[in-house]
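What follows is a set of notes on a single structure, which appears directly below.
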Amino acid sequence: MVGPDADPWDAFRQLSSKDGNIARGHLCIGHASSTFAHSDERLFACVCTRNRVVVEISDAILVASSTHL
């Protein structure tokens, strides 16, 4: 879908595993669904998360609900 009603997370969902998770970098995901997690440097874990975006870069960490981005 294109336009103002398009869901920006649709492209990510198409790349995700059957549980909807996408993990990139140094991290572990357990008991999670629809979680996008990216780590540039630090090791971290997402446990019991749902509809979350977690992004770590060298000087900041973002943790947010994917429904509010």
Inset, instruction - Pairs only if they're at least six apart or on different chains, beta carbon under 7 angstrom, first in region 9-32 and at pLDDT below 85, second among the aromatic types (Phe, Trp, Tyr); list them, first residue then second. - result: 12/36
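Residues checked against (1) under 12 Å from the mean Cα position of the chain (by Cα); (2) in a strand (DSSP E or B):
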| residue | (1), (2) |
| --- | --- |
| 20 | yes, no |
| 35 | yes, yes |
| 38 | yes, yes |
| 41 | no, no |
| 46 | yes, yes |
| 54 | yes, yes |
| 64 | yes, yes |
| 67 | yes, no |
Legend entry - Residue satisfying all of: in region 34-69; buried (at least 19 other Cβ atoms within 10 Å of the Cβ) and aliphatic (A, V, I, L, M); farthest from residue 20 (Cα to Cα) among these: 54
Inset, instruction - Please give the number of the condition residue 29 fails out of (1) more than 9 Å from the chain's Cα centre (by Cα); (2) assigned to a strand (DSSP E or B); (3) surrounded by fewer than 17 Cβ atoms within 10 Å (Cβ to Cβ). - result: (3)
Inset, instruction - Those residues that are small (Gly, Ala, Ser) and at positive phi, I need them from region 28-65; list them, please. - result: 34
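The values are calculated or read from the model by the stated rules, or taken from the named source; none is laboratory data. Predicted, not measured: the structure shown is a model, and the values here were computed from it. Neighbour counts are summed over all protein chains in view; Cβ atoms, including those assigned to glycine, are modelled from backbone coordinates with ideal geometry.
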